[in-house]
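This report concerns only the one structure given below.
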Amino acid sequence: MSLVMPQLNKEFAIGLDIGGTKILAGLVNGEGKMISQIHFATMPESGVETMLSKIVDALISLKQEAIFRGGNVRGVGIACTGVVDSYTNSIVYAKNLGWRNVPVGQYIFEILRLPVRIGNDANLAAVAEYMWGDEEKVEDIIYVTVSTGVGAGIVSGGQLVSGNSEGAGEFGHISLDPKGSRCGCGNYGCLENFSSGTAIAYLANFKKGSPGRMMTTKDVIDAANSGEKSALDIVRNAGFYLGNGLITLIHLFNPKRIVLGGGVMANGNLLYDEMEKTIHERCMPSLRKDVKLCKTTLGKEIGVLGAAGLYFMPN
């Protein structure tokens, strides 16, 4: 008797990315192609129940789309910023949403009757890169996001590294200057204090020290790209510290590839160049030669792809 394998283009998973400003849900096939998507503004002021109701309506539509195509939905994956509990499929704390201890997985399961899995957005971005990144597939890959904050997702030996309490990948909170300024996490001199979009904008406005419109991260990066010295110093400094942080990851995990994403990286060529230069000058040569650095090509869909990818990732 021959074993009939399911067609990956008929096997689907639904990915859900719950962001601070936008919610994106997508129907994804086993080849990493998003077949259909629904997005809408987050609107946390509307309350948890209203938001969950809108989310479920979107998921039902995507499930019906899969059925219409004659396919099977393996489950719903959820990517979310903040602290999540994958054992109870709950969002423990999401600052931008104002959510605490929301059993989102249970709510979705009771209506859709599909398996539900939840994960931190950086971790699931690493899953997306591992499964469907633009480069040749490797078993050891780290995804680093540089945006409002700094975070990382780690796949080692083809397995997502989540840690004992889902805390693996808090890359932005490694201390690079123990005598530096205090971070919101309670530590001092965290990488996030030097290299995040928030830090870049803060340092520029602090140096400016004059009234008027506050500079955004994009303003600072644009000014640096045009050669403005103060902005150039801030962006290069951010790249220097990011490079030193990445050296720590390289020395600890010996990855084959590090993929960088997030809003700062999308426009941060000067920062990227300084980061790369720092790694070249300071990283252990025997480990540096084996790792490839690149920017993500998966765009804003990376959270949905990673969430859906949980159902196609080898066990």
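The values are calculated or read from the model by the stated rules, or taken from the named source; none is laboratory data. Remember, it's a predicted structure, so these values are computed and weren't measured experimentally. Cβ atoms come from the backbone with ideal geometry, glycine included; neighbour counts cover every protein chain shown.
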Qualifying positions in segment 238-255 - surrounded by fewer than 16 Cβ atoms within 10 Å (Cβ to Cβ) and not aliphatic (A, V, I, L, M): THR248, HIS251, ASN254
Subset of segment 132-185 [basic (Lys, Arg) and either over 23 Å from PHE312 (Cβ atoms) or at pLDDT 90 or above (or both)]: LYS179, ARG182
Single unsatisfied condition, ALA122 versus (1) modelled with pLDDT of 90 or more; (2) surrounded by 23 or more Cβ atoms within 10 Å (Cβ to Cβ); (3) outside any strand (DSSP E or B); (4) not assigned by TED's automatic domain parsing to the domain that holds LEU27: (4)
Members of segment 17-26 found to be touching a residue at least 40 places away in the same chain (Cβ under 8 Å) and assigned to a strand (DSSP E or B), listed by number: ASP17, ILE18, LEU24, ALA25, GLY26
Count of residues meeting criterion [farther than 29 Å from HIS39 by Cβ and in contact (Cβ under 8 Å) with a residue 24 or more places away in the chain] in segment 258-315: 18
Qualifying residue in segment 298-308 (condition: within 19 Å of the chain's Cα centre (by Cα) and surrounded by fewer than 16 Cβ atoms within 10 Å (Cβ to Cβ)): yes
Any hit, segment 31-42, residues being of a type in the set (Gly, Ala, Ser), in a strand (DSSP E or B) and over 24 Å from ALA168 (Cβ atoms): yes
Unmet requirement for GLU45, which otherwise passes all of (1) loosely packed, with under 13 Cβ neighbours inside 10 Å; (2) touching a Gly at 6+ places or on another chain (Cβ under 7 Å): (2)
Strands (runs of 3 or more DSSP E) wholly inside segment 136-201 containing at least 3 residues that are among the acidic types (Asp, Glu) and under 24 Å from VAL84 (Cβ atoms): none
Hits in segment 54-78 - residues which are aliphatic (A, V, I, L, M), in contact with a Leu (Cβ under 8 Å, 6 or more places away or on another chain) and more than 16 Å from ILE23 (Cβ to Cβ): ALA66, VAL73
Residue within segment 260-267 that is modelled with pLDDT under 95, crowded, with 19+ Cβ neighbours inside 10 Å, of a type in the set (Val, Ile, Thr) and closer than 24 Å to ALA199 by Cβ present: yes
Per-region count, segment 60-95, residues without any contact (Cβ under 8 Å) to a residue 12 or more places away in the chain, of a type in the set (Val, Ile, Thr) and part of a loop (DSSP other than H, G, I, E, B): 0
Verdict on LEU242 being without any contact (Cβ under 8 Å) to a residue 24 or more places away in the chain, closer than 17 Å to ALA152 by Cα and in the same structural domain as GLY189 (by TED's automatic domain parsing): no
Cβ-Cβ under 7 Å pairs, at least 6 apart or on other chains, segment 136-162 side closer than 30 Å to LYS218 by Cβ, far side part of a loop (DSSP other than H, G, I, E, B) and polar (S, T, N, Q): VAL146/SER196; THR148/SER196; GLY149/SER196; VAL150/SER196
Of the criteria (1) of a type in the set (S, T, N, Q); (2) in a loop (DSSP other than H, G, I, E, B); (3) not assigned by TED's automatic domain parsing to the domain that holds GLY262, which one ASN101 fails: (2)
Count - residues of segment 63-110 that are crowded, with 16+ Cβ neighbours inside 10 Å and over 23 Å from the mean Cα position of the chain (by Cα): 7
Close pairs from segment 31-59: first closer than 17 Å to ARG100 by Cβ, partner in a loop (DSSP other than H, G, I, E, B) and not β-branched (Val, Ile, Thr), Cβ under 6 Å, at least 6 apart: PRO44/LEU97; PRO44/GLY98
